[in-house]
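A short reminder: the numbers here are calculations on the coordinates, not readings from a lab. Only a predicted model underlies this, so the values are computations on that prediction, with no experimental measurement involved. FYI the Cβ positions are ideal-geometry reconstructions off the backbone, even for glycines, and counts take in every protein chain you see.
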Amino acid sequence: MSKNEIGATIVTYNALIKGLCKMGKLKEAEEMFFLITSTGHCPDVITYNSLISGYSNAGNLQKCLELYENMKKLGLKPTINTFHPLISGCSKEEIKLKDTLFNEMLQMNLSPDRVVYNDMIHFYQEIGHVQKAFALQQEMVDMGIRPDNKTYNSLILGHLKEGKLSETKDLVDDMKVKGLIPEADTYSLLIKGHCDLKDFNGAYVWYREMLESGFLPNVCICNELSTGLRKGGSLQEAQSICSEMIANGMDDLDTNEDLSAVAKGKHNSSDAR
């Protein structure tokens, strides 16, 4: 078999393995992997990347790490696509491992891309290291990588967890200045975050902006916000939310008698009951 024919065979095997991994058929992908070696060919970086990605999606980080070590022993140089599933596959309890993989990537002269930065930023805010998350965001900007909505959502969530509402609004303003448009998930984070901090009036401001931007909150957020406003005495705002929920076909509202009463303008305060 000529060199070109061998190359074509590896390309074919890789395409099959990638497809099997995407479908979650990892056993079949492994069989294909061993078929490559049994026919005298050598798996390449693309082969390993597909398997690592497949096992990462299946939640088997240990297998991912085994494949990662094996490819290095074979003299194959990992690529940025090798590290995507490895880093994203780490749970928030695996801080040291995630840091180790990130540092190994840097030592291999591989520059983090937006996917890696976003994953690391979300990870650090999730474990409460918000300042580290912001440091990485600045680093990605310095590297010429433009933060996207996912980047900002993680930073917004970090500030909300710290109760920094003013700084949160500054982040949203910065998004808009940078040409990014807040989407439904951004507004949902803002409304839920303000509700968690019992700032229901602030949450209502974001609720109105969300509607004006063409997005509709889910029923859980609407119920929580409306209930909070009602208990705080903002009955008009609570009624407007309930009315809009009914108008948008959110039938779950009817399971909450208090909110249904508000929507119909018949709410009696709990003190009067």
- Item | 18 Å Cα-Cα threshold exceeded, pairs from K150/K176; K96/K132; K98/K164; K161/K192; K63/K98 | K98/K164
- Would you please state which residues of segment 60-83 a label at K96 would reach in this model, taking the label point 7 Å out along Cα→Cβ and a backbone N cut-off of under 12 Å? none
- Message: At 7 Å along Cα-to-Cβ for each site, give me the label-to-label distance between S213 and I246 in nm.
- Response: 2.8 nm
- Using only the alpha-carbon atoms of segment 84-222, report the extent along each of the three principal axes, biggest first, to the nearest angstrom. 49, 31, 24
- Note on the structure: Mean shadow area (nm²) of the C-alpha convex hull around segment 1-109 is 7.0 nm²
- Divide by every residue of the chain the summed helix terms, -39500 (n - 2.57) for each DSSP H run of at least 4, and state the resulting mean residue ellipticity at 222 nm, rounded to the nearest 500 deg cm²/dmol. -22000 deg cm²/dmol
- Query: Considering the dipole of the chain built from charges on the beta carbon (Lys and Arg +1, Asp and Glu -1) around the Cα centre, which of I145, T39, G158 is farthest to its positive end?
  - Reply: T39
- Test item: Cα-centred dipole of the chain, Lys/Arg +1 and Asp/Glu -1 on Cβ, debye: 460 debye
- Task: Return, for the Cα atoms of segment 50-104, the radius of gyration and Dmax in Å, separated by a comma.
- Result: 10.4, 30
- Beyond 29 Å, what share of the Cα-Cα pairs of the chain remains, rounded to the nearest whole percent? 52 percent
- FRET efficiency for C220 and M143, Cβ-Cβ distance as r, R0 = 45 Å, nearest 0.05? 0.75
- For segment 188-228 and segment 52-103, what is the separation of their Cα centres, given in Å? 38 Å
- Task: Report ³J(HN,Hα) in whole Hz for each residue of segment 227-239, in order, from the Karplus equation J = 6.51 cos²θ - 1.76 cosθ + 1.60 where θ = phi - 60°; Gly and Pro get x.
- Result: 5, x, 5, 4, 5, x, x, 8, 5, 5, 5, 4, 5
